[in-house]
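Notes for the one structure printed next.
The values are calculated or read from the model by the stated rules, or taken from the named source; none is laboratory data. This structure is a prediction, so every number in the text was calculated from the model and none was measured. Backbone-built Cβ (ideal geometry, glycine too); neighbour counts: all protein chains shown. The protein model used for the area step is the full one, side chains on, heavy atoms only, and it has no ligands, DNA or RNA in it. Shrake-Rupley method; radii C 1.70, N 1.55, O 1.52, S 1.80 Å.
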Amino acid sequence: MNHLFEAIDFVENSLYEQIITDIGTQQFSIVENFFTAEEVAVLRQSIQEKHEEHSFKKAAIGNRLNETIIKSIRGDVILWMDESDVNAAEALFFKKINDLVSYLNRTCFLGILHKEFHYAIYPKDTFYKKHIDTFQNDDRRKLSFVCYLNEDGWLPENGGELVLYLNENGEEVEKVIYPFPGRVVIFESQIIEHEVKPVNTERLSITGWLKTR
Ligand code: OGA
Ligand code: MN
């Protein structure tokens, strides 16, 4: 046997395989501890520092060419991340993301070429009404990715649940997901309708999209 052909060019990653299976079967995946407690702590510190130093913008509906701010639809404030200018926390964030993306591209031929991520803060009493993450004039978003940076001990009365509206045999079923720290939710941007329920305690996250073009 020619040993050249025995080389294993990548190691199967069971976490990523679970994500791929979940998305293939149910169009979404919930991953506990995608980020460790220490990683969440440094990312939380990063979002808090950025919030003090930079102006987070009222989030808009529609893409950047077609922005309208409709507070009755969404009330979070956001700051786009710039992978070419990162602090240590953001560097580790993008390292994990890029690792996942290259795995998806190698094993599922998803063809993810671009990505965009922003920090998001939902102040008390804000929400994001039921929506889908692809815009009428822009279908490049393939997978949505949300990662929660809240303190340990997020309680149901804090609100801010992410609700995915799933279609099970023609019936709408609600999947309620609490924004626990370290938890990551990945779902098909073009398919899954979802909403963020009203928040009673400031809610911290990073949201992003993996894009084909
Ligand atoms: C979004 C979004 C969900 C969440 O930013 O488009 O739906 O749980 N976020 O923060
Ligand atoms: Mn969304």
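Quick notes on this one:
- Over the chain, relative contact order from alpha-carbon pairs under 8 Å, at least 6 apart, %: 28
- Placing unit charges on the Cβ atoms only, positive for Lys and Arg and negative for Asp and Glu, gives the chain a dipole magnitude near 680 debye about its Cα centre.
- Added length on full extension, which subtracts the Cα-Cα distance from 0.36 nm per residue, residue 72 to residue 174: 34.5 nm
- Label zone at residue 94, where the point sits 7 Å out along the Cα-to-Cβ direction: the stretch 173-213 residues whose backbone N lies under 20 Å: 205-213
- Between the residues 77, 19, 36, the greatest Cα displacement towards the positive end of the dipole of the stretch 14-211, with unit charges on the Cβ of Lys, Arg, Asp and Glu, is found for 77.
- Loop-resident sites, the stretch 122-190, for GluC sites (Glu not before Pro), counting at most 13 other Cβ within 10 Å (DSSP): 151
- Gained length - residue 84 relative to residue 49, 0.36 nm times residue gap less alpha-carbon distance: 10.8 nm
- Residue 132-residue 57 FRET efficiency (beta carbon distance; Förster radius 25 Å; 0.05 resolution): 0.70
- Within the same chain, lysines fewer than 8 places from residue 115 are excluded, and of the rest, those with a Cα less than 19 Å from its Cα are 95, 96, 142, 211.
- Excluding same-chain neighbours fewer than eight residues apart, the aspartates and glutamates reachable from residue 50 by a Cα-Cα span under 20 Å are 38, 39, 76, 82, 83, 85, 90, 116, 151, 202.
- Span-rule helices in the chain, defined as complete DSSP H runs reaching 27 Å or more along the axis (Cα) with Kyte mean at least -0.5: 88-108
- Accessible surface area normalised per residue over the stretch 14-211 is 50 Å², counting heavy atoms of protein chains with a 1.4 Å rolling probe.
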